[in-house]
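> One structure, as structure tokens, below. Some questions next.
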Amino acid sequence: MTSNLATPRRGCTTDDVVTAVRRLGGTCTWRELRRAVPWRLIGATVEAGLLVHPGRGIYTLPAADSGRVVAARLTGVVSHRTAALHWGWKVKVAPTRPDVTLPAGRKLRASARGLATTRRRTLAPADVAEGWVTTPLRTVVDCCLDLPFDEALSVVDSALRSGLPRRMLVAAASALGPRHRVRALHVVRLGSAKAANPFESVLRAIALRDAGTTWDPQHRIRYDDFYARVDLADETLELVLEADSFEFHGERVAFGRDCERYDELVSRGWLVLRFTWEQVMLRPAWVARVIARTVRRRRAERGLMTHLQRSKAAA
């Protein structure tokens, strides 16, 4: 249940449109945004310069559009999250200042400091597209190397969802030096094109802290008389994690359908945990504790042991 991440409501302002785009990953389609805010406000937000409409029904935040100007001033290259947004990928948090990569050893003048979030790395000519932004492959690799795991996973998921082949990502990560290779491959191999959005990707990143769990995004649960698609599921534990967006629960039919789905799952032995956007993005430690506690309980109920517990038992 991750399709809508903001509630359409009376009294919305252009600030609410900006908030909706941030929650949708910093870039979104008109259809995604229309589900979150009144359509009349979208054009007004673009006219106010708070939102950029590059065309093709896509809307993005100004930071992604202004990155090229800042990078040129710094004699650098747009990279990381800002490059991801340029390629149309969603990110966990859209940067308020553009991400720019500078050549190793480059010093910034005092007047240029604070214009961007800068990192220093020597890039090959093949790593730069159009002379000002890192290529899709280089963008993914940089995010895997420099961003926290949940942010990196969000970018990898989005890149795979856009059609970038996993084999190319694996090859690019494998070509790195030993220290960087392990980190990049770890994220790339856990990425999934099935993840719906960064909200779900971040929830999966939190859940993966518990070793031995396997979380399948957009998992299909089938019985002869019942079918459900859930955000994340571990089949062995029969445990479901839902990234609960603010949907149109004011509509009794939709609300009733959700209740029926959860009741069916619980009655068939599944345990369902539901988390809001605020909990996942702002209280990840609490979310991790709740998931870990539930995983321990399910393992105990089923007499399951982790790999570490099995190793200790064998010894």
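Read-outs throughout are calculated quantities, based only on the coordinates presented, and are distinct from any laboratory measurement. Just so it is clear, the model here is predicted, and its values are computed rather than measured. A quick note on method: Cβ atoms are made from the backbone with ideal geometry, for glycine too, and the neighbour counts reach across all protein chains shown.
> From the helices alone, meaning DSSP H stretches of at least four residues, give me the mean residue ellipticity at 222 nm for the chain, per-run term -39500 (n - 2.57), in deg cm²/dmol to the nearest 500. Don't skip to the end; give the middle numbers.
Details: 14 runs with 149 residues, N = 315.
Taking each H run of at least 4 residues, the total per residue is -14000 deg cm²/dmol.
> Counting other beta carbons within 10 Å of each Cβ, put 206, 42 in order, fewest first.
Working: 206 24, 42 21.
Listing 206, 42 from fewest to most nearby Cβ atoms yields 42, 206.
> Which of the GluC sites (Glu not before Pro) found in the range 152-247 are in a DSSP loop and have at most 13 neighbouring Cβ atoms, other than their own, within 10 Å? Don't skip to the end; give the middle numbers.
Numbers: sites: 200, 235, 238, 242, 247; in loops: 235, 238, 247.
Loop-located and lightly packed - 235.
> Next question, about the same structure. Starting from the range 32-116, pick out the trypsin sites (Lys or Arg not before Pro) whose DSSP state is loop and whose Cβ has at most 11 other Cβ atoms within 10 Å.
On the way: sites: 34, 35, 40, 56, 68, 73, 81, 90, 92, 106, 107, 109, 113; in loops: 35, 56, 90, 92, 106, 107, 109, 113.
Sites meeting the loop and neighbour criteria: 56, 107, 109, 113.
> What trypsin sites (Lys or Arg not before Pro) in the range 192-249 are in a loop by DSSP, with at most 10 other Cβ atoms within 10 Å of the Cβ?
Values: sites: 194, 204, 209, 220, 222, 229; in loops: 194, 209.
The qualifying sites: there are none.
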